Amino acid sequence: MSKSDGGLHRLQGRGACLQGKIVLAGPCSVESEQQIMDAALQLGKLGLSALRAGIWKPRTRPGSFQGVGEAALPWLKAAGKAAKLPVACEVAQPAHVDACLAHGIDILWIGARTTVNPFSVQALADRLRGVDLPVMVKNPVNPDLELWLGAIERLRRAGVTKIAAVHRGFSTARQTIYRNEPIWRIPLELRRRLPEVPLICDPSHMGGTRELLKPISQEALDLLYDGLMIEAHPRPEKAQSDAGQQITPARLRSLLASLVPKKENALVRDYTSHIAALRKEVDGLDHQLLDCLSRRMEIVRQMSHYKEKYGVSSFQPHRWSDIVKDRTRYGAARALDQDFVLEIFDHIHEEAIRQQEQEADVIPPEATDHKRHRRAR
Ligand code: PEP
Ligand code: MN
């Protein structure tokens with residue numbers, strides 16, 4: 001599935017929808033032979049890249065609909081055939097891989113609850129050895145880029161060459177408007193490290209509601225994602241899983257028509273000359289920011305000598321609380337988002353303490369290295 005190997009990218013722009021992008025759609029779960037056939041025939045008119053549907057559903061609580069299981073594989077395959085669409089299905093165990101291979105499933109995906117477990121991913125990778133089927137790897141439920149990269153690496157080592165990464169958002173303890181909060185910088189870092197791996201966004205599991213599908217999908221396109229995977233069901237309100245986030249094929253058609261794919265560059269003079277001038281200004285400001293930070297750390301290191309001399313702690317809870325109040329207020333008056341300002345000062349403060357402790361020889365440099373690694377991850 002790398003961009004040049006004729007994998008999933010070959011599925012781009014097969015039809016009318018979203019020029020040049022990979023678009024997979026289909027119900028959360030196969031529920032019956034009729035339901036998946038209805039879905040496929042309606043979706044088949046949209047020019048999608050592939051039909052998706054779950055057969056084995058990883059549900060949070062037992063007792064809810066767990067998917068039809070292997071019996072649904074021939075229904076899915078037949079529905080894909082009728083709609084002339086390749087079919088994609090989630091696998092979580094080696095036995096699922098065997099069943100998918102036996103029924104000619106075209107694309108597999110590894111769900112968020114499986115990516116999180118290296119034992120499970122390795123077992124899937126071992127079963128896929130010698131079978132070069134396209135595999136999409138969803139992000140793990142927790143925001144851990146290394147786990148996501150590790151899953152991709154396990155598949156690659158097993159000889160899987162057609163791999164895509166799917167951002168479906170992360171679980172968080174915070175109350176947000178999302179079912180699974182997108183953390184866009186994590187997949188962007190994945191893209192920086194593995195630029196050849198197509199990046200797909202799953203706005204359905206991120207948003208958890210129909211209303212959020214459009215803004216999330218557009219954001220993904222603004223960030224140059226290679227594709228979208230969206231849940232669509234012939235009768236969403238009757239769906240046996242994820243009813244609140246699925247849309248009808250008709251609504252999917254209008255959603256796709258309303259989205260605007262973006263390009264990385266525009267080769268017109270009006271764009272190139274203005275952007276070049278503005279970028280020059282940004283470069284200068286970034287250098288000023290770094291000069292300021294460097295000077296700030298220098299002062300912080302000077303303070304550590306006085307703190308050390310009089311047995312004062314490098315961490316000052318009251319001072320820190322004052323800084324947070326002052327900087328967020330100062331930033332807000334300059335149209336800067338409070339959370340953004342707070343996050344920046346969290347990092348600055350953490351680094352300031354690290355530098356003070358190192359300066360005062362309280363801890364050897366290696367002892368604070370983990371902080372650097374954590375940030376670099
Ligand atoms: C799904 O795509 O149906 C699914 C279960 O997704 P996730 O693994 O992202 O929860
Ligand atoms: Mn679902």
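The length gained by stretching the chain between Glu308 and Leu101 to full extension, at 0.36 nm per residue less their Cα-Cα distance, is 67.9 nm. Taking the 1.4 Å solvent-accessible surface of the range 8-258 as the whole, the part contributed by carbon and sulfur is 52%. Spin-label pair Asn265-Ser171: with each label point 7 Å from Cα along the Cα-Cβ axis, the two points sit 4.3 nm from one another.
Please identify every one of the trypsin sites (Lys or Arg not before Pro) in the range 169-243 that sits in a loop by DSSP and has no more than 15 other beta carbons within 10 Å of its own beta carbon. Here the sparse-neighbourhood loop sites are Arg174. Taking 20 Å as the cut-off for C-alpha to C-alpha distance, list the pairs among Lys84/Lys238; Lys57/Lys77; Lys138/Lys162; Lys57/Lys214; Lys57/Lys81 that go past it. Those over the limit are Lys84/Lys238; Lys57/Lys214; Lys57/Lys81. Within the full protein context, the accessible area of Phe65 is estimated at about 50 Å² for a probe radius of 1.4 Å. Amide H contacts of Ile163 (H built 1.01 Å from N, in plane; Pro and chain starts excluded): Ser2, Val135 sit under 5 Å, all sequence-distant by 5 or more or on other chains. Going by Cα centres, the range 298-344 and the range 229-294 are how many Å apart? About 34 Å separates the Cα centre of the range 298-344 from the one of the range 229-294. For the range 269-373, the relative contact order works out to 30 percent when only alpha carbon pairs closer than 8 Å and six or more residues apart are counted.
The overall shape of the range 8-258 is rounded: from the C-alpha gyration tensor, with semi-axes ordered a ≥ b ≥ c, the ratio a/c is less than 1.5.
Over the chain, accessible surface divided per residue gives 52 Å², non-protein components excluded, 1.4 Å probe. Loop-located trypsin sites (Lys or Arg not before Pro) in the range 267-362 (DSSP state not H, G, I, E or B) with no more than 15 neighbouring Cβ atoms inside 10 Å: Arg334. Dividing the Cα radius of gyration of the range 254-350 by its Kirkwood radius returns 1.19 for Rg/Rh. To the nearest 10, the accessible area of Glu359 is 80 Å² with a 1.4 Å probe. Where does the range 85-159 land on Rg/Rh, using Cα atoms and the Kirkwood Rh? Rg/Rh for the range 85-159 comes to 0.94.
Seen from Ala125, the other residues with C-beta closer than 10 Å to its C-beta sum to a net charge of +3, counting Lys and Arg as +1 and Asp and Glu as -1. Rounded to the nearest 0.05, what FRET efficiency do Glu181 and Glu146 have when you use their Cβ-Cβ distance and R0 = 25 Å? Taking R0 as 25 Å, the efficiency between Glu181 and Glu146 is 0.85.
The values are calculated or read from the model by the stated rules, or taken from the named source; none is laboratory data. Given the structure is predicted, the values throughout are model-derived calculations rather than measurements. Here Cβ is always computed from backbone atoms with ideal geometry, including for glycine, and neighbour counts include all displayed protein chains. In case anyone asks, the SASA skips ligands and DNA or RNA and just uses the protein heavy atoms, side chains included. Shrake-Rupley method; radii C 1.70, N 1.55, O 1.52, S 1.80 Å.
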